[in-house]
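Some notes on the structure that comes next.
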Amino acid sequence: MDQNHDANDTIEKYDLKVKSKPKYGVILQLHHTVRGRRIRFSSASFDDIHEKLACADNVGNIFILDFADLKFWKLASQGPCTALHFYPNKLDTLIVANKNYDIHFMDIESGSISFTLSGHSAPVKHISYSNSKMNNLLTASAAEAILWELTNYTKYFTLNTYSGAQIQQIMFTPAGDYLVSCFQNDTVQIWRHETMKSLKQIIPSELKHMKSIAFTMNGRAMAMAGLSPTLILFSMDTWKALVSIDLTKYNISGVQLVSFIPQVFDGGSNKILGVLSSDCILYMINVETLKVIHNIRCESSGIRNFIVSPSGKYFLCILQLGEVNVYNTSCVLDLAKVSKDKIIVPTPAHINPPYKIQSKNDLHTKLEVEKRMRTCMDSVRLRRILMQYGEYPEKFRSVIWRSLLVTPRNKIAYSTLVDKGIHTAFKDIEKQFTIHSTITLKSLKRLLSCLAHWCPLFGVLKFLPGFVFPFVKVLHKDPLLLFECVATVLMNQCQLWFEYAPFPPLSILAIIENILAEHDQQLLDHYCELGITSQIYALKILETAFSEVLTCSEWLILWDHIVSNEPSFILMAVVSYNIIQKNAIRRLTTYKQLENFFHKQNPLDKKSFLKKTYYLLNETPEDIHPRRFLNSFVSLEKGISYQQFSGYPKATICLKLARKERKKNKSERYTLKDLTTKSQEREIRCRFKNNESDIDSNTELSNDDNFGTEEKLYKSTRREAFQNNGDIIKRSVKDDLIESIMCPATVQLKRSKKVLKSNKREDISERAESISKKNKKANQNNQLEKAVEKLLFDGSNTETSRT
């Protein structure tokens, strides 16, 4: 340990100008020029507690920037500097490692050196401080690492390496419990800080040429990366790899340095990882979603190193030309939200770069960016791209579809539909479809309910869930765009589908059959021989929007072309699919085989399929071309409500709704046996009443007391007669009902004969009819009187014989 007091007594401080509205998030740009010669910065360190930054150039000048007081000053040179680190436990103390392998403790206000530690055999590249109670300092070169006891400034532990296994990076974990180092032989070694015993050795087989490691603030996760395009996230709790990320999908061929970027409300479980690629580009990757949210590059000079402040408030990039760009993290992340794919090109004001600099009128707000995108996404230009590459980029597909379908983004109108809740027709849709993802199920229910609230027709169509499901899988992240895209497709590509609802669209099927007959009569003849109609080879494809017969990638490519062309394109695609699959279809000889063929994915040459579709679109005669019968494209209107959907029979909806209402209101349900019994009882009661009234009206009895016994006898006899008569009536009614149920044709024949007889009687005059009726009634009365007299006579004879 050496003590040194050589320093300037007075240090002049200068005003620091920090950009209040930073462009690209750069609040400060540093460069150092001496007599026209550029001096490069080599290392830097942040002090978050006191809002300070220390930067050192390769000559040995150290600059201190105070963001709290907006001042900066220069400290006296102590030789070229290799590493910097603020001393957390001492105010205004900076730990400086120089090329003489010494470590100085420097006062940043006066520039004086209080202590110097010696013992390294190579330039120190890494300085780390333990936040534990042990209060140790770690300094390391490529050859060795030394733990210093700061209470008495002595060596606590020395780690020596050998050739081929030199230290790439070494540090304490944030809590100070472990010491972790990665070596050139692609191993990671973990020691327990208290005992310095080896705890774990990690040898990732997928990772080669390891260069860097980083920890989250809570110390529970570690990131490992190297020159191979692989990033590994490792759990410090379970000592197992969490995920291995292939960086080639981000166009990252290798990694020089990784560091987590803390945020205010992430609770220490940092989600954003800064990755400095071997191409000198800084990428910000969300390790939760595994997506690149932003990247920073400078075309004038690549990024050589980047350093993040402990709290994540600032970070800086040291460029290869020696400049330093200091960024405000929150400004950079806000810019990333506005334009995720925008590339930052920070340019120092004093440089005239050879590349084109973006103008001051660059668009930064969301509305301006969208406006600029709309002007760039002209439909003609997009079709040109589509014809050249065959499909749209997956990254921009939703934006391009939105532009081509001219969706109005009616948020108020859409929220009105959503507020109506789930439609009754789709409350139990999970019973009809097996959907494992609850997010997809909710999106499907919401979309179908909005469509049903917009137009009642969509609440009764059985094929609609299968038609919209692939759109839900693709656009579920933006529910408004999903609804407006599907509604626009139903208005345009699905014209004439609903004019005979709920019956098949005969007009559309006839158009498809005519096109097939025009371009491949033999295939149509094959369908006719097997009894296959257009409801099998065309309607099944349309009702599922091609999702049953195409793979996911094929479906996306096809719908790129459908939304980019006129509404008749989808009908041409149906005919094209049949013609392209002609060889396979001709080998199928039964109705069942062909029906199954159009319900499964079959091998398909995408280029031939699309080429044939465009051929049919351009070469079909005008007299049978679908565009003759279909209207041109119509988009949804912008406003507080969507226009009404028409083109379907309203009676269909009324009939289906009435049936549902009747089923809902029906409280009692009877079996056939119950209905038969009730009908029999009703008929018996009716006939019994009629006969009783006839008998009472035509029967008169004497009130003389001498005939009391005869009257009792008469009443009992009459009751028995009525009972017998009732039994006869019951049997006849029952026979009639059974005959009508078991032999409806016979009953109908009898009824028809009765109708013929009644027609003949109509020729007779009304007078003759009335006379015959009177005579018949009189005869019935006479017969009844004779029966009663006979009963009375028999009763009197029996009485005299008894006496």
Could you list the chymotrypsin sites (Phe, Trp or Tyr not before Pro) in region 253-321 that lie in coil according to DSSP, counting only those with at most 15 other Cβ atoms within 10 Å of their Cβ? 265
Looking at region 426-477, which chymotrypsin sites (Phe, Trp or Tyr not before Pro) are in a loop (DSSP not H, G, I, E or B) and have at most 16 other Cβ atoms within 10 Å? 433, 463
Region 171-259 - percent relative contact order, Cα under 8 Å, separation 6 or more: 21
Mean separation of Cα contacts under 8 Å (6+ apart) over length of region 506-635, as relative contact order %: 36
Given 240/427; 420/462; 74/200, which pairs have Cα atoms separated by over 32 Å? 240/427; 74/200
Amide H proximity to residue 255 below 5 Å, modelled H, separation 5+ or other chain, gives 226, 227, 228, 278
Between residue 320 and residue 153, what is the label-to-label distance in nm when each label sits 7 Å out along the Cα-to-Cβ direction? 4.1
Carbon and sulfur atoms: what percent of the 1.4 Å accessible area of region 490-635 do they account for? 50
Which trypsin sites (Lys or Arg not before Pro) in region 446-534 sit in a loop by DSSP (not H, G, I, E or B) and have at most 11 other Cβ atoms within 10 Å of their own Cβ? 462, 477
Would you mind computing, in nm to one decimal, how far apart the modelled labels at residue 185 and residue 419 are, each placed 7 Å from Cα along Cα→Cβ? 7.0
Leaving out ligands, DNA and RNA, and with a 1.4 Å probe, what % of the accessible surface on region 36-93 is carbon or sulfur? 50
Could you tell me the calculated FRET efficiency between residue 290 and residue 439, based on Cβ-Cβ distance and R0 = 22 angstrom, to the nearest 0.05? 0.80
FRET efficiency estimate (nearest 0.05) - Cβ-Cβ, residue 556 to residue 70, R0 51 angstrom: 0.45
Please report, as a whole percent, how much of the solvent-accessible surface of region 130-287 comes from carbon and sulfur atoms (probe radius 1.4 Å). 50
Virtual spin-label span in nm between residue 338 and residue 517, 7 Å along Cα→Cβ: 6.1
Cα-based Lys pair tally, region 530-659, threshold under 30 Å, eight or more apart or on separate chains: 23
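What FRET efficiency comes out for the pair residue 589/residue 548, r = Cβ-Cβ distance, R0 = 22 Å, nearest 0.05? Show your work: numbers first, answer last.
Details: r = 22 Å, r/R0 = 1.00.
Working from the Cβ atoms, E equals 0.50.
The values are calculated or read from the model by the stated rules, or taken from the named source; none is laboratory data. Fair warning: this is a prediction, and the values are worked out from it, not measured in the lab. Don't worry about glycine lacking a Cβ; one is built from the backbone with ideal geometry, like all the others, and counts go over all protein chains shown. The accessibility values were calculated without ligands, DNA or RNA, using every heavy atom of the protein model including side chains. Shrake-Rupley method; radii C 1.70, N 1.55, O 1.52, S 1.80 Å.
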